[in-house]
1. Restricting to the stretch 54-83, and then to whatever is of a type in the set (S, T, N, Q) and free of Cβ contacts under 8 Å to residues at least 60 places away in the same chain, can you tell me which residue is surrounded by the fewest Cβ atoms within 10 Å (Cβ to Cβ)?
2. In the stretch 50-89, what count of residues is obtained for those that are more than 23 Å from Lys213 (Cα to Cα) and part of a strand (DSSP E or B)?
3. Need the failing condition index for Phe137 against (1) more than 30 Å from Gly229 (Cβ to Cβ); (2) of a type outside the set (A, V, I, L, M); (3) in contact with a strand residue (DSSP E or B) (Cβ under 8 Å, 6 or more places away or on another chain); (4) modelled with pLDDT of 90 or more, just the number.
4. Considering only the stretch 176-188, state which residues are surrounded by fewer than 22 Cβ atoms within 10 Å (Cβ to Cβ) and not β-branched (Val, Ile, Thr).
5. Quickly run through the stretch 132-175 and pick out the residues that are crowded, with 16+ Cβ neighbours inside 10 Å, of a type outside the set (A, V, I, L, M, F, W, C) and part of a loop (DSSP other than H, G, I, E, B).
6. Of the conditions (1) loosely packed, with under 11 Cβ neighbours inside 10 Å; (2) touching a residue at least 60 places away in the same chain (Cβ under 8 Å); (3) under 26 Å from Leu66 (Cα atoms), Ser235 fails just one. Which one is it?
7. Considering only residues of the stretch 34-53 that are touching a strand residue (DSSP E or B) at 6+ places or on another chain (Cβ under 8 Å) and among the aliphatic types (A, V, I, L, M), which is surrounded by the fewest Cβ atoms within 10 Å (Cβ to Cβ)?
8. Given the conditions (1) within 16 Å of the chain's Cα centre (by Cα); (2) among the charged types (D, E, K, R); (3) within 15 Å of Pro191 (Cβ to Cβ), and given that Lys48 satisfies all but one, which numbered condition is not satisfied?
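The values are calculated or read from the model by the stated rules, or taken from the named source; none is laboratory data. Model, not experiment: these values are computed from the prediction. Cβ coordinates were reconstructed from backbone atoms using ideal geometry, including for glycine residues, and neighbour counts include every protein chain displayed.
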Amino acid sequence: MKSNKRSRFIRIFPGFIAVFVFAIAATANASGQGIINEILNRMDAHNKALSSLRANVTMVKENAQLGGALDTNEGRVAYLPAKARDPLVRIDWVKPKESLSVVNKQYVIHRPALNQAYTGTTDGAKGNAKAGTALAFMNMSRAQLKENYTVAYLGEETVKDGTKTWHLQMTPKVPTSYKSAEVWVDGNGMPVQSKVIEKNNDTTTVLLTNLQKNVRVDKSEFQIKLPDGTKVIKS
C-alpha cells in the first residue's frame with residue numbers, strides 16, 4: 001500500500017512543480033508589467049505637465065570598436081515642447097565649445113573654433129547630434145512609447161548624481177537608426193538619463209542634472225546664428 005502511494009506521489013510531483021513554477025513566472029510577469037504601466041503613466045503625466053526645461057547635461061559616448069573608449073562632454077541644455085511637433089532642443093557644450101540645436105528633426109552643430117557648422121536630420125544623426133535622439137523620450141506619450149517600443153523593466157538604479165530611478169529597456173518595433181535604447185526614470189516620471197545603443201554597439205548616454213522645470217525659455221534661443229564665412233557641411 002505504501003509502495004502505491006509513493007509511486008502515485010512520484011508521478012504527481014513533477015506536474016505539481018511545473019504548475020508551481022508556471023504560477024510564479026506568471027505572477028512575476030504580471031508584477032513586472034504592472035511596474036511598467038505605472039512608470040509609463042508617470043512619464044505620460046510628467047510629459048503633459050512639462051512646459052520647458054533647463055538643466056546641466058553630461059554626454060558619454062562609448063566606441064565599441066575601440067575597446068570601449070569613452071568621450072565625455074558637459075554643458076547646458078534648453079528644452080521646449082511644441083504642440084503636435086517634436087520638441088525644440090539646444091545644447092551648449094563647454095569643452096570643446098560647441099552648440100547643438102534641434103528644430104523639427106533638423107539639427108545644426110556649430111563649432112566656432114573650426115568656423116564650421118554641420119546640418120542634417122535627427123533620423124540619421126551621428127556624433128554629438130545623437131544627444132537630441134537620447135532626449136526624445138521626454139516628449140513621447142504613453143501611447144507613443146507602447147506603440148513604437150517593446151518595454152522591459154530592468155530594475156531600480158541610482159544614477160551618477162544620486163537620483164533613484166527605474167531602469168527601462170526600449171526595443172524599437174519598427175526599423176530605426178539604432179538597435180535599442182535604455183531610459184532611467186525618476187519618481188516624478190522624468191527621464192533623467194537615456195542611452196542609445198547603435199547597431200555596431202557604440203553607445204551615447206545623456207544624463208540631466210540640476211533640473212529647472214517650467215521656467216522661461218524663448219523660442220529664439222533655438223536658432224543658431226552662424227557668423228559670416230562659416231563653412232556649412234550637410235550630413
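1. So the first thing to find is which residues in the stretch 54-83 are of a type in the set (S, T, N, Q), and the list is 56, 58, 63, 65, 72-73.
With the extra rule that they be free of Cβ contacts under 8 Å to residues at least 60 places away in the same chain, the set shrinks to 72-73.
Working: Thr72: 11, Asn73: 19.
Looking at the filtered set, the residue picked out is Thr72.
2. Adding up the residues that qualify gives 8.
3. (4)
4. Within the stretch 176-188, Ser177, Tyr178, Lys179, Ser180, Glu182, Asp186, Gly187, Asn188 qualify.
5. Thr163 - this is the single residue of the stretch 132-175 that is crowded, with 16+ Cβ neighbours inside 10 Å, of a type outside the set (A, V, I, L, M, F, W, C) and part of a loop (DSSP other than H, G, I, E, B).
6. The number of the failed condition is (1).
7. Looking at residues that are touching a strand residue (DSSP E or B) at 6+ places or on another chain (Cβ under 8 Å) and among the aliphatic types (A, V, I, L, M), I get Ile35.
8. With (1) within 16 Å of the chain's Cα centre (by Cα); (2) among the charged types (D, E, K, R); (3) within 15 Å of Pro191 (Cβ to Cβ) applied to Lys48, the lone miss is (1).
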